[in-house]
């Protein structure tokens, strides 16, 4: 019982992280039908951005005070993520807006490799794993449950809370605000949205900004929770998040969150209970993905793809 | 006085195919002007070019004496030209109210709520179903919403592309009555129609578009009586 609850807890924390990243995939896909494969790398670069902020911009005497260090790292990481996402849209994807879909997809893969190699070569020490200080919220809460105890890191709680609040705020913004309506209009019918006076570039950039900001948040929370980062972090977490978005129905915010949590829990549960353990936990994620796509190709909450008249 | 909208020697091509070769017409303030012609004559292409969705190969579009043919599409509505596109193109997954809000996207004043209730007064069925998704509506109701959405920006010129397409005769009459009503309230209207009879009967001025060229023009009543128009577009001959 204690093991089950402990794994469930870890799964939810991992799921929260995946969900935050998945929101970026799903938002961008929703508006320009591009799987932005470089989004995982935006997340990874932001972890290094947070680290750089900590190392080089926070005076040493304040580094141990998480009330100062954490907000500074969040600002640093979100800034890095947003700038990167905007540059990527402007210089890599916008010129290919009317090209066949394969072209921006390949470009995304190229951007992804470029970002990874850039950090690996130019961030001091990034050729191997770099440790992220855990000085900030280094507390854990222990619950007594039948048959043992469950330990929850405070950083894990933070991840889950931020992820859920972030998704709810985003959903509200998209459904209720003027810009949210403009984004949905552009997603449904770009030409008619332009006839309403909606500037497509502005809404698309905004989508990248929001996705980037969420990846930046995720990056800091990931860093202080895992306490280590390497340049591969973007690839693996990016693939998880991409899978979560597809599982939930790419384009759907609710789908990305539920997909994220599902994948997080499946991974930890499979690692504990399924044959092969953690060696094979990734397999079960993709087995689930395939099963869902066979029976529901649009994902759990996606709109069925329709050919536009 | 110069006309509100003046299109001169417009030519528009999709790649090598020239859909519009030489279209010229003008719309005076307060008038209803219609472009009639068979399918593929270039009427829709002309409207999409005025709206900035397409770029002309040559020719000019002047609105209120300013050239607008090089402006990006999203700035055209702010100038005062609303375009109610062919096939209505509502945002089907959004509610009636959200569609109307999008129609008022460029407005910064406080009159949006009042104008929305005016649309509901004009089309009570929209008011009753304001929270339903637009995609669930019948063709006639969708056309009402499309016109209502276009009116939400308070345009000086309203361009309607085939508003009677796919509608029953009763609903078509209803839509044409509405167009006349909008004119009497001071909106200038540019109408594109295959239903030449109904369009010309309503229009102050008409233009026949054939194979990408404006070939005949005149007051709506005169064109209705013209033998060539009757033969080509009204099924007589």
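Before anything else, pin down the relative contact order of segment A:233-309: Cα pairs under 8 Å, at least 6 apart, normalised by residue count, whole percent. The value is 31 percent. Against chain A, whose longest principal axis comes from its Cα atoms, helix A:233-248 is set at around 60 degrees.
Based on C-alpha pairs under 8 angstrom that are at least 6 apart in sequence, segment A:1-77 has a relative contact order of 23 percent. What FRET efficiency comes out for the pair residue B:121/residue A:103, r = Cβ-Cβ distance, R0 = 51 Å, nearest 0.05? Working from the Cβ atoms, E equals 0.55.
The simple Förster model, with R0 at 45 Å and r as the Cβ-Cβ distance, assigns residue A:227 and residue B:130 a FRET efficiency of 0.30.
With Rh defined as the Kirkwood radius, the inverse of the mean 1/r over Cα pairs, the Rg/Rh of chain B is 0.96. With all pairs of separate Cα atoms included, segment B:152-237 yields a Kirkwood hydrodynamic radius of 13.7 Å. For segment A:216-251, backbone nitrogen atoms closer than 17 Å to the point 7 Å from residue A:175 Cα along Cα-to-C-beta are found at A:249, A:251.
Taking every Cα-Cα distance in segment A:170-216 and sorting them into 10 Å bins from zero, the calculated P(r) comes out as 29, 55, 15, 1 percent. The distance linking segment B:114-137 with segment A:205-254 is 40 Å (Cα centroid to Cα centroid, whole angstrom). Springs join every pair of Cα atoms under 10 Å in this Gaussian network model of chain A, and among A:38, A:108, A:22 the largest mean-square fluctuation is at A:108.
For segment A:217-302, the Cα-based Rg and Dmax, in that order, read 13.5, 39 Å. Springs between Cα atoms under 10 Å define the GNM used for chain B, and in it the highest mean-square fluctuation of B:15, B:40, B:111 occurs at B:15. Considering segment B:116-169 at the alpha-carbon level, its Rg and Dmax are found to be 11.3, 30 Å. Sorted ascending by nearby beta carbons within 10 Å, beginning with the fewest, B:116, B:171 become B:171, B:116.
When B:121, B:226 are sorted by how many other C-beta atoms sit within 10 angstrom of their C-beta, beginning with the fewest, the order is B:121, B:226.
Normalising by residue count, segment B:4-103 has a Cα convex hull of 125 Å³ per residue. Give the relative contact order (percent, whole number) for chain A; include only Cα pairs under 8 Å separated by 6+ residues. Once divided by the residue count of chain A, the mean separation gives 35 percent. Just report the Cα centroid separation between segment B:206-236 and segment B:1-71, whole Å. Distance between centres, Cα-based: 18 Å.
Treating each Cα of segment A:1-136 as an identical point scatterer and summing with the Debye formula, the log10 of I(q)/I(0) at q = 0.15, 0.21 Å⁻¹ comes to -0.87, -1.24.
Sorting the Cα pairs of segment A:2-295 by distance into bins of 10 Å, from 0 upward, gives 7, 27, 35, 23, 8, 1, 0 percent per bin. Just to confirm the number: angle between the C-alpha axis of helix B:112-122 and the first principal axis of chain B, 0 to 90 degrees, nearest 10? In chain B, helix B:112-122 runs at an angle near 70 degrees to the longest axis.
Put simply, the Cα atoms of the protein assembly as shown extend 93, 47, 43 Å along their principal axes, the longest span coming first. Going by neighbour counts of Cβ atoms within 10 Å, the residues B:84, A:72 line up, fewest first, as A:72, B:84.
Bear in mind that the values in this text are calculations on the coordinates, not laboratory data. No experiment lies behind these values; they were computed from the predicted model shown. Here the Cβ is made from the backbone with ideal geometry for all residues, glycine too, and neighbour counts use every protein chain on show.
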